[in-house]
Amino acid sequence: MYDLTGFQRDLLYVAAGKDEPHGLALKDELEQYYESEIHHGRLYPNLDTLVEKGLLEKGQIDRRTNYYQVTQRGQREIEARREWEDQYVAAEA
């Protein structure tokens, strides 16, 4: 996951927290977090990168709408990243 941008990691995390979200659902969630508009030209190429890296699977809901699902590899990468972060960010007691 070291080779992902912060935006790509955020996309992966949001996708992991939802049940087969479509692109616009991911976009809406991230726009709330970033408090700014995310253009399709930024969203979909980054989703495609995550699919190409084997972290997300892309399926089709209908002719115009795709859904995304985190792969087992993607889930392992998320877990490894969290373990790495835990080394440096102590949980509050």
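The values are calculated or read from the model by the stated rules, or taken from the named source; none is laboratory data. Owing to the predicted nature of the structure, the values given are computational and were not obtained by experimental measurement. Note that each Cβ is placed from the backbone with ideal geometry, even for glycine, and that neighbours are counted across all protein chains shown. Just so you know, the surface numbers come from the protein's heavy atoms only, side chains and all, with ligands and any DNA or RNA stripped out. Shrake-Rupley method; radii C 1.70, N 1.55, O 1.52, S 1.80 Å.
Here is the tail figure for the range 5-51: Cα pairs spaced more than 16 Å apart come to 25 percent of all pairs. Taking square-rooted eigenvalues a ≥ b ≥ c of the alpha carbon gyration tensor, is the chain rounded, prolate or oblate, where a/c under 1.5 means rounded and, failing that, a/b exceeding b/c means prolate? Taking the square roots of the gyration eigenvalues as a ≥ b ≥ c, the chain is prolate. Comparing Gln72, Gln87, Ala16 along the charge dipole axis of the chain, the residue lying farthest to the positive side is Gln72, per the Cβ-charge model.
Using a simple spin-label model with pseudo-atoms 7 Å out from Cα toward Cβ, Met1 and Glu31 lie 2.6 nm apart. Between Asp28, Asp19, Asp62, the residue with the greatest mean-square fluctuation in the GNM of the chain (Cα pairs under 10 Å linked by springs) is Asp62.
Ordering Val89, Val51 by how much accessible area each has at a 1.4 Å probe, largest first, what is the list?
Greatest to least solvent exposure: Val89, Val51.
Given a 1.4 Å probe and the protein chains as shown, Asp3 ends up with an accessible area of around 80 Å². Evaluated with a Cβ-only charge set (Lys, Arg +1; Asp, Glu -1), the chain carries a dipole of roughly 400 debye about its Cα centre, given to the nearest 20. Each 5 Å bin from zero holds the following percent of Cα-Cα pairs in the range 42-93: 5, 18, 18, 18, 14, 11, 8, 5, 2, 0.
Listed by chain and number, the lysines placed with their C-alpha closer than 17 angstrom to that of Lys18 are Lys27, Lys58; residues fewer than eight positions away on the same chain are left out. Annotation: Lys27 carries an accessible surface of approximately 30 Å², with a 1.4 Å probe and no ligand, DNA or RNA atoms counted. Atom-type composition of the exposed protein surface of the chain places 43 percent of the accessible area on carbon and sulfur (1.4 angstrom probe). Solvent-accessible surface of the chain, averaged per residue with a 1.4 angstrom probe and all protein chains in place: 70 square angstrom. Its relative contact order, with pairs defined as Cα atoms under 8 Å and 6+ residues apart, puts the chain at 30 percent.
Each of Glu77, Glu35 has its accessible area taken with a 1.4 Å probe; listed largest first, they run Glu35, Glu77.
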